[in-house]
1. Which residue, 42, 179, 319, has the most motion in a Gaussian network model of the chain that connects Cα atoms within less than 10 Å?
2. Under a crude label model (7 Å from the Cα following the beta-carbon direction), how far is residue 329 from residue 38 in nanometres?
3. When the helix-only estimate is applied to the chain (DSSP H runs of n ≥ 4, each -39,500 (n - 2.57), divided by the residue count), what is the mean residue ellipticity at 222 nm, nearest 500 deg cm²/dmol?
4. List the residues, sorted by chain then number, that are 5 or more residues from residue 85 or on another chain and whose placed amide H is less than 5 Å from its amide H.
5. Using θ = phi - 60° and the Karplus form 6.51 cos²θ - 1.76 cosθ + 1.60, what ³J(HN,Hα) does each residue of region 106-116 get, whole Hz, x for Gly and Pro?
6. How would you classify region 376-419 from its alpha-carbon gyration tensor, with a ≥ b ≥ c the square roots of the eigenvalues: rounded for a/c under 1.5, else prolate if a/b is greater than b/c, otherwise oblate?
7. Of 48, 23, 61, which is the most mobile in a GNM of the chain whose springs link Cα atoms less than 10 angstrom apart?
8. To the nearest 0.05, what FRET efficiency results for residue 125 and residue 430 with a Förster distance of 45 Å applied to their C-beta separation?
Amino acid sequence: MDLPGRPGRPSPAAARERAADAPDVFDPRLYAEGLPHERYRLLRDHHPVSWQDEPEILGWPAGPGFWAVTRHTDVVRVLRDHRTYSSRLGATQIRDPDPADLPFLRRTMLNQDPPEHGRLRRTVARAFTPARVDAFAARVRERARTLLRAARDGAEAGAADLVRTVTDEYALLNLTDLLGVPAADRGLLLEWTVRIIGYQDPEDAPAPRLGPDGKPLNPRSPALLGEMFAYARELAAHKRAHPGDDVMTALALAGLAEAELEMFFFLLTVAGNDTVRSAAPGGLLALARDPGAYAGLAAGRVPVERAVEELLRVHPPVLSFRRTAAVDTELAGQPVRAGDKVVVFHASANHDERVFTAPGRLDLGRDPNPHVSFGDGPHVCLGAHFARLQLRVLHEEWRALMPAPELAGDPRRLVSNFINGITRLPLRVSGPGR
């Protein structure tokens, strides 16, 4: 890997400190049990920039370790300072990519730094305008009504898995409408998303393909994205011949290089789908666990827009993002060397007592609410407006059509230290609305 400075290894003293009393927040299996808030709190209070080991887990190879950043102020500092904390040097996943894949990964704006990042972001921003997004509001609302009614009317014993019956379809179909993906092809996007996002979860994702060494291949590697890229090229050619008022038409006509267009399709398909696919059931789960908070929302005492921000705070779609130190620096008093991996933890920052009063309490009227669930700095989520629209409409329609959310069984969480996913959410769906 062409990183500056020395490999990302801590000093012996830092390694001993980690082993002695700084809890692990790397193991993806932790997150299947729920967010490790007590571990986050210990890190924020005593080790705000803590060295974390990367052992081999679930067949995925070991890594050199990284710095976990858990306080809100430090997370924002890292996300805003692209000169010190680079997205380009080692890409943005905790796990190191194959060095041979880095040039490929840098084609997407997620893995670029300004000023290169700005050119591509401006291109997609022109396609992903708030006006274009808002034009889909009526269609989004009708879809929410249709899916919720179907879940309610088709429920067995008054309960349904909302992930299977509502939120997966809701996120996918809204995104494919915006992109302009033909209805017959929409299942492909969900299949690709599950493969790429759920790869750490043996139950959620298909069995990984193995490399010559017997280790799983990274699902984001070019070797495993050929099918998606071929589809992107085919769809772009179709849009040039048959333009529509959709994002893929705008991108197909934007003069992008073929590789850039492929990576935009990858980013919009995966990130655009999974943001709402994770946040929607996460918000419903939070409300099911706090009937008093939901009662205030149902009675109209809390604006839905503000409630959505609080639900995003307590259930951020993304758990962590990586940067790589471009220079020797210091963060929260901890020396960080050029080449070290620096990983911000959004869910920890969103519960930092230094910023949020009573962060463990679901306060749907919380204001201000400076959560970092959509990131910060130059890489702040480009699709945040569309995500907020979908979440607001879903909660408005739930309030109008459905009973108070109540668990009808145990939810299942995704095994992942990257995506804060819910893969099963059984809720009561029969009974009077409101």
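1. Between 42, 179, 319, it is 42 that shows the largest mean-square fluctuation.
2. 3.3 nm
3. One gets -13000 deg cm²/dmol as the mean residue ellipticity at 222 nm.
4. Hits under the 5 Å cutoff: 326.
5. Those phi angles translate into 6, 6, 9, 5, 4, 10, 10, 10, x, x, 4 Hz.
6. The shape class here is oblate.
7. Result: 61 has the largest fluctuation of those listed.
8. Approximately 0.55, to the nearest 0.05.
The values are calculated or read from the model by the stated rules, or taken from the named source; none is laboratory data. Treat the numbers as computed from the prediction; the structure is a model and nothing was measured. Note that we place each Cβ from the backbone using ideal geometry, even for glycine, and neighbour counts take in every protein chain shown. Side chains are part of the model used for accessible areas, which takes the heavy atoms of the whole protein and leaves out ligands, DNA and RNA. Shrake-Rupley method; radii C 1.70, N 1.55, O 1.52, S 1.80 Å.
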